[in-house]
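Written out below as structure tokens is the structure these notes cover.
The values are calculated or read from the model by the stated rules, or taken from the named source; none is laboratory data. Everything numeric here is computed off the predicted structure, so don't read it as measured data. Cβ placement follows ideal geometry from the backbone for every residue including glycine, while neighbour counts extend to all protein chains displayed. Protein only, heavy atoms only, side chains kept; ligands, DNA and RNA dropped before computing areas. Shrake-Rupley method; radii C 1.70, N 1.55, O 1.52, S 1.80 Å.
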Amino acid sequence: MTQKRTFFGNMIIFILTMLLSSCNINRYISTYKDAKDTYMLVDTLANNFGNKRLTYNKAFYKCELKNNFFCLAYNRKDPDFIYEYSDGLYSKSIEMFYINLDSVYVFEANGKYADLMLKDKRVISDFERKVYQKLKELAIKK
């Protein structure tokens with residue numbers, strides 16, 4: 001009897017875990033068309049669309065973004081803004097902009113079930129700095 005309770009308890013925990021993780025995956029997929037080819041400000045206090053997209057990306061691409069990129073660099077915080085785009089049917093990319101570091105981290109996933117991997121690190125361009133200023137101005141007006 002005790003083994004049955006333990007089994008059913010473990011099954012309930014497993015099912016709840018799967019449901020909660022699948023919610024973020026569904027949110028990632030359902031909001032991708034609105035995020036594609038768009039610069040998004042990441043503001044955790046405002047809980048804006050950019051922050052939500054970053055959270056969905058972390059849940060969807062657990063391997064590189066969550067475990068390696070954010071966890072190994074203990075002082076790395078969320079980016080100031082992000083840009084998502086696609087070069088093909090199964091090629092998705094996200095650029096993460098860190099203004100104080102003057103750095104852009106470019107991640108890419110090639111293939112239907114590919115992990116998002118760090119492809120490039122570069123300096124922020126003048127155009128991207130202007131985009132960031134415009135995003136901040138628009139956020140203040142809201």
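Could you check the simple spin-label distance between residue 100 and residue 77, using points 7 Å along Cα→Cβ, in nm with one decimal?
Going by the 7 Å Cα→Cβ label model, 0.5 nm.
Set the bar at 21 Å for Cα to Cα. Now go through 92/121; 33/77; 52/136; 77/136; 92/134; 33/141 and name every pair that lies beyond it.
Flagged as over cut-off: 33/77; 92/134; 33/141.
Quick query: amide H of residue 80 versus all other amide H atoms, modeled in the peptide plane; which residues come in under 5 Å with a sequence gap of 5 or more or a different chain?
For residue 80, whose amide H was placed from the backbone, the distant partners under 5 Å are 97, 98, 99.
Can you put 82, 99 in order of accessible area, largest first, using a 1.4 Å probe?
Solvent-accessible surface, decreasing: 99, 82.
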